[in-house]
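Remarks on the structure that follows.
The values are calculated or read from the model by the stated rules, or taken from the named source; none is laboratory data. None of the values given here were measured: they were computed from a predicted structure. Every residue, glycine as well, gets a Cβ built from its backbone with ideal geometry; the counts of neighbours run over all protein chains shown.
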Amino acid sequence: MVLCANFNPYNLEDPGTCELTLGYLPLIVVRWQGSWRVYRNYCPHLGIGLNFVPDEFLDHEKNYLMCANHGALFEIDQGTCIAGPCVGQKLIAIPCEVSNGQLWVKLEQ
Ligand code: FES
């Protein structure tokens, strides 16, 4: 597991999102219903980042993650696209845990 240093996951609203870069890897951190999810900031439609505005990934109702490029909506829990040009595809989930107030992510070797 890799520590996301200088990031307090409890500072995120619930629901809320922010972006982090770990080395070269752009990530989306989501706090939702009391827990956290981490996805790569990589839309399965065109392989580009989802957001135009820093840290903003939720739709207006804060029910889904949204790609600002073409409006794809993704379930927060599983990252599955339920509307837009990549229905059925998924965001790439990164295993994570919050321990002692810090976010840890498990990156593939
Ligand atoms: S790039 Fe995300 S919906 Fe097109």
- Which ones in the range 59-73 are in contact with a strand residue (DSSP E or B) (Cβ under 6 Å, 6 or more places away or on another chain) and touching a residue at least 24 places away in the same chain (Cβ under 8 Å)? Leu65, Ala72
- In the range 91-100, is there at least one residue being among the acidic types (Asp, Glu), surrounded by 13 or more Cβ atoms within 10 Å (Cβ to Cβ) and free of Cβ contacts under 8 Å to residues at least 60 places away in the same chain? no
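Does Pro85 satisfy the condition of being touching a His at 6+ places or on another chain (Cβ under 6 Å) and either surrounded by fewer than 19 Cβ atoms within 10 Å (Cβ to Cβ) or within 21 Å of Ala5 (Cα to Cα) (or both)? If you could, list the steps in order and put the result at the bottom.
Numbers: touching a His at 6+ places or on another chain (Cβ under 6 Å): yes; either surrounded by fewer than 19 Cβ atoms within 10 Å (Cβ to Cβ) or within 21 Å of Ala5 (Cα to Cα) (or both): yes.
Taking the combined requirement at face value, the residue satisfies it.
Yes or no: Glu56 exposed (fewer than 14 other Cβ atoms within 10 Å of the Cβ) and either outside any strand (DSSP E or B) or within 16 Å of the ligand (Cβ to nearest atom) (or both)?
no
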- Query: Of all the residues that make up the range 63-74, how many are surrounded by 15 or more Cβ atoms within 10 Å (Cβ to Cβ) and either away from the ligand (no atom under 12 Å from the Cβ) or among the charged types (D, E, K, R) (or both)?
  - Reply: 1
- Message: Show the residue pairs meeting these rules: Cβ distance below 9 Å; 6+ apart or different chains; first residue within the range 31-48 and among the polar types (S, T, N, Q) and more than 9 Å from the ligand (Cβ to nearest atom); second residue in a loop (DSSP other than H, G, I, E, B) and at pLDDT below 95.
- Response: none
